[in-house]
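The values are calculated or read from the model by the stated rules, or taken from the named source; none is laboratory data. In this text the structure is predicted, and so the values were computed from the model without any measurement. A quick note on method: Cβ atoms are made from the backbone with ideal geometry, for glycine too, and the neighbour counts reach across all protein chains shown.
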Amino acid sequence: MADGKSFLIDTTKCFACRSCQVACKQWNELPAEDPVPTNRGSYENPPDLSASCWVKIQFKETERSDESLAWTFVRNSCRHCIDAPCKQAAENPDSITIDEQTGAVLFGEGTASESYSKIRLACPFDIPRQGAGGQLFKCVMCYDRVHNDEVPACAKACPSDAIEFGDRDEILSMADARLEAVKADGFPDAVILDRRDVRLLVLLADEASLYSLHTRD
Ligand code: SF4
């Protein structure tokens, strides 16, 4: 695997168009949400990840400590953890595999449905969701595309280059360079979440509490 692959999610470039959400559904042939979500007074839709929604842009409106308004967007999906807690928690750990070429964490059909509560509880980011048939679902890093020298559908669809994908060492270098640039651009609290532990690196311009996202700490 060498170091495998990684994503960089640069929230400073995301404008919440949700092309990534749509591209994920399209490539993976995921059905529409059932029941159809209703208007909840937010641009965020659907309200949560699900067995048929593996990538989601999460919105949050809140106040900063100086009482200015913060309206943030951030992508939520599996982080493809380096030492995946979901695999460690599964009753049948062999049913969760690590793709040799990419490092993607993949749930097999044999992932015992009775492990669901343990697996979901073990995930620091609250990602796995269970389908009607008991099988567990989440982002699969479009490993089929990557094996054919294509980037994941979400990265291809993003019109603002907010989703970068590539060899892990290159993505780590890119992330560090972007972090320095964003800090120098007037965002001293910018941070990359869980840099050493995950394959989906998220760069936030502001403190993490302003975003609708589970973090490891
Ligand atoms: Fe497993 Fe959750 Fe990590 Fe994905 S984010 S690899 S589901 S522990």
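Within segment 15-44, count every residue that is in a loop (DSSP other than H, G, I, E, B) and surrounded by 15 or more Cβ atoms within 10 Å (Cβ to Cβ).
8
Could you identify the single residue in T72, T111 that is surrounded by 13 or more Cβ atoms within 10 Å (Cβ to Cβ) and under 22 Å from C142 (Cβ atoms)?
Criteria check complete, one pass: T111.
Can you spot a residue in segment 45-53 that is in contact with a helix residue (DSSP H, G or I) (Cβ under 8 Å, 6 or more places away or on another chain) and either surrounded by 13 or more Cβ atoms within 10 Å (Cβ to Cβ) or not assigned by TED's automatic domain parsing to the domain that holds P152 (or both)?
yes
Going by what's in this entry, would A184 be described as away from the ligand (no atom under 16 Å from the Cβ), modelled with pLDDT of 95 or more and in contact with an Asp or Glu (Cβ under 9 Å, 6 or more places away or on another chain)?
So A184 fails the test.
Take the residues in segment 87-99 that are of a type in the set (A, V, I, L, M) and either under 22 Å from F7 (Cα atoms) or without any contact (Cβ under 8 Å) to a residue 12 or more places away in the chain (or both), then tell me which one is nearest to the ligand (Cβ to nearest atom).
I96
Could you pull out the residue among C81, C139 that is closer than 16 Å to D197 by Cβ and near the ligand (Cβ under 9 Å from one of its atoms)? Step through it out loud before you land on a result.
Working: C139 fails: closer than 16 Å to D197 by Cβ.
The conditions single out C81.
I'm trying to understand the selection: among the residues of segment 100-122, which are away from the ligand (no atom under 11 Å from the Cβ) and either assigned by TED's automatic domain parsing to the domain that holds G166 or within 17 Å of the chain's Cα centre (by Cα) (or both)?
Once the filter is applied, which keeps residues that are away from the ligand (no atom under 11 Å from the Cβ) and either assigned by TED's automatic domain parsing to the domain that holds G166 or within 17 Å of the chain's Cα centre (by Cα) (or both), segment 100-122 yields only T102.
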